[in-house]
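Trainee: So that we are looking at the same thing, I have put the structure below in structure tokens.
The values are calculated or read from the model by the stated rules, or taken from the named source; none is laboratory data. Computed from a predicted structure; not experimentally measured. FYI the Cβ positions are ideal-geometry reconstructions off the backbone, even for glycines, and counts take in every protein chain you see.
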Amino acid sequence: MGLSGAEHPMHEKQRVFVSSVVDGFGQFREAARAAIIAAGGAPVLVNEDLPALATSSRNACLDVIDSCDYFISIIGSRGGWTAPSGKLVVEEEYEHARARKKPVLAFLQTVQRDADATRFAEHLSDYVDGVFRRSFSTVGELQAEITQALSALIDEAQESMNMPHHQRDYFDDPYIVPNMAMLRFVLLPERQEEVVDPMRLGSDSFRNLVYEIGHLASVNLLSYERPKTADIFGDDLVITQTESNGRHGEGQHVRIQITGVGEIVIDANVTGRVSRRPSYSISSSMVVAAEDIEAVLVLCFAFTAAFYDRIDPHKRHQRFAFNAGLSGLAYRTIVRNPEARSSCQMSMRDNKTILAFDESRVVDRNDLSSPSGDVQRALTLLTRRSQA
């Protein structure tokens, strides 16, 4: 069902960082952009593409390199700016990419170079420690060389990403709180790779980061007033919020599960969360308010958006597979504005039945931050399944 055993429906493009001097080199940088797109990749040019950031230019560039799959170094006639370290800016970028084990492609223009550019070109071309490089003279030649060199790498990476990738069945074993209907929210990054180092996942600092995010006023998934536990199950971090007095029929029950590959599973109750007028209490055990499902979905989207903004600020992970399901409905039906209803239709559904989308949906970072459309789609699909 949904995300069980299924591949992601689409794959993100490989991100390619372009490193070169900027002043007077615009045509060559744009040629690199066009070549990367032609090869099927996503170009990353810091000076042209990144917004203003609350960090130094140096740190911004190095952090963005971490978010990319490939690194392209283009050397022309000038070495460019020197960093406080005494190395060229482009040299620092290159060494950072090598230290992070990024595949490096180098392109050297056949021109007379200044002393800095000559030294860097020799360093990059070293027979033992250097990298594969190609020469070019014109803008057109550079574009053709990059397209040819990068296409094979991206094609190979795409074939690897298209290999079958097993996913656990997220709707086979729902989190149960007696007498409550529960929503399960599942988000899987499209890139199939390690997102959180296993050592970090089990650390106090990472647990505290998740607590901090969950309690943010803009998220509000967790409450300071309610007790919580944090445990490692297998390789996953699981944080559970319960009621201090042990009540099962009301409150804000939350379970957050985060895996090393960035999968997030959130369980939260959609009944007993909101107090309504006395007239509602008569039918409260027979309905789930559509407004409450919407509210919980919004909380889940807010948490995942804030989580990925913190652990992936340069947006290496752009797209995700998303699904949602309801469990514990039993004979309840989903009703809009239930206070206004004098009678309710009962379902004969088994209490253990879980309702979810037949197929996961693809969402991106913008959807996580502005989820109104996906919230309404999820509510519509879940309502239809509850009526089947």
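Trainee: Out of (1) farther than 19 Å from residue 157 by Cβ; (2) out of contact with any Gly (no Cβ under 9 Å at 6 or more places or on another chain); (3) surrounded by fewer than 20 Cβ atoms within 10 Å (Cβ to Cβ), what's the single condition that is false for residue 115?
Mentor: Unmet for residue 115, out of (1) farther than 19 Å from residue 157 by Cβ; (2) out of contact with any Gly (no Cβ under 9 Å at 6 or more places or on another chain); (3) surrounded by fewer than 20 Cβ atoms within 10 Å (Cβ to Cβ): (2).
Trainee: Something else now. Please work out if residue 207 is over 21 Å from residue 296 (Cα atoms) and in contact with a helix residue (DSSP H, G or I) (Cβ under 6 Å, 6 or more places away or on another chain).
Mentor: Spelling it out, it is not the case that residue 207 is over 21 Å from residue 296 (Cα atoms) and in contact with a helix residue (DSSP H, G or I) (Cβ under 6 Å, 6 or more places away or on another chain).
Trainee: Let me ask something else about it. From 209, 221, 188, grab the single residue that is over 29 Å from residue 354 (Cβ atoms) and surrounded by 15 or more Cβ atoms within 10 Å (Cβ to Cβ).
Mentor: After ruling out the rest, the residue left standing is 209.
Trainee: Do we have any residue at all in segment 110-119 that's under 29 Å from residue 13 (Cβ atoms) and either touching a residue at least 24 places away in the same chain (Cβ under 8 Å) or not aromatic (Phe, Trp, Tyr) (or both)?
Mentor: Taking every residue of segment 110-119 in turn, none turns out to be under 29 Å from residue 13 (Cβ atoms) and either touching a residue at least 24 places away in the same chain (Cβ under 8 Å) or not aromatic (Phe, Trp, Tyr) (or both).
Trainee: Could you please find all residues in segment 108-149 being more than 21 Å from residue 68 (Cα to Cα), aliphatic (A, V, I, L, M) and not in a helix (DSSP H, G or I)?
Mentor: Matches in segment 108-149: 108, 111, 128.
Trainee: Return only the number of the condition from (1) among the hydrophobic types (A, V, I, L, M, F, W, C); (2) farther than 24 Å from residue 371 by Cβ; (3) free of Cβ contacts under 8 Å to residues at least 40 places away in the same chain that residue 237 does not satisfy.
Mentor: So residue 237 meets the others, but not (2).
Trainee: Here is a further query. What's the total number of residues in segment 60-107 that are crowded, with 18+ Cβ neighbours inside 10 Å, touching a Leu at 6+ places or on another chain (Cβ under 8 Å) and assigned to a strand (DSSP E or B)?
Mentor: Residues meeting the conditions: 9.
Trainee: Where the second residue is surrounded by 18 or more Cβ atoms within 10 Å (Cβ to Cβ) and assigned to a loop (DSSP other than H, G, I, E, B) and the first is not assigned by TED's automatic domain parsing to the domain that holds residue 206 and acidic (Asp, Glu) and lies in segment 305-319, which pairs have Cβ atoms under 6 Å and are six or more apart or on separate chains?
Mentor: That search, which allows pairs on different chains as well, returns nothing.
Trainee: Might you check whether a residue that is closer than 22 Å to residue 170 by Cα, at pLDDT 90 or above, surrounded by 19 or more Cβ atoms within 10 Å (Cβ to Cβ) and among the hydroxyl-bearing types (Ser, Thr, Tyr) occurs anywhere in segment 360-370?
Mentor: Scanning segment 360-370 turns up no residue that is closer than 22 Å to residue 170 by Cα, at pLDDT 90 or above, surrounded by 19 or more Cβ atoms within 10 Å (Cβ to Cβ) and among the hydroxyl-bearing types (Ser, Thr, Tyr).
Trainee: Just to be sure before I move on: is residue 246 small (Gly, Ala, Ser) and at pLDDT 85 or above in the structure I sent?
Mentor: no
Trainee: Taking into account only those residues within segment 116-175 that are hydroxyl-bearing (Ser, Thr, Tyr) and either outside the structural domain of residue 72 (by TED's automatic domain parsing) or at pLDDT below 70 (or both), which is nearest to residue 324 (Cα to Cα)?
Mentor: Filtering first and then ranking leaves 170.
Trainee: For segment 320-359, give me each residue that is modelled with pLDDT of 85 or more and either assigned by TED's automatic domain parsing to the domain that holds residue 68 or part of a loop (DSSP other than H, G, I, E, B) (or both).
Mentor: 328, 336
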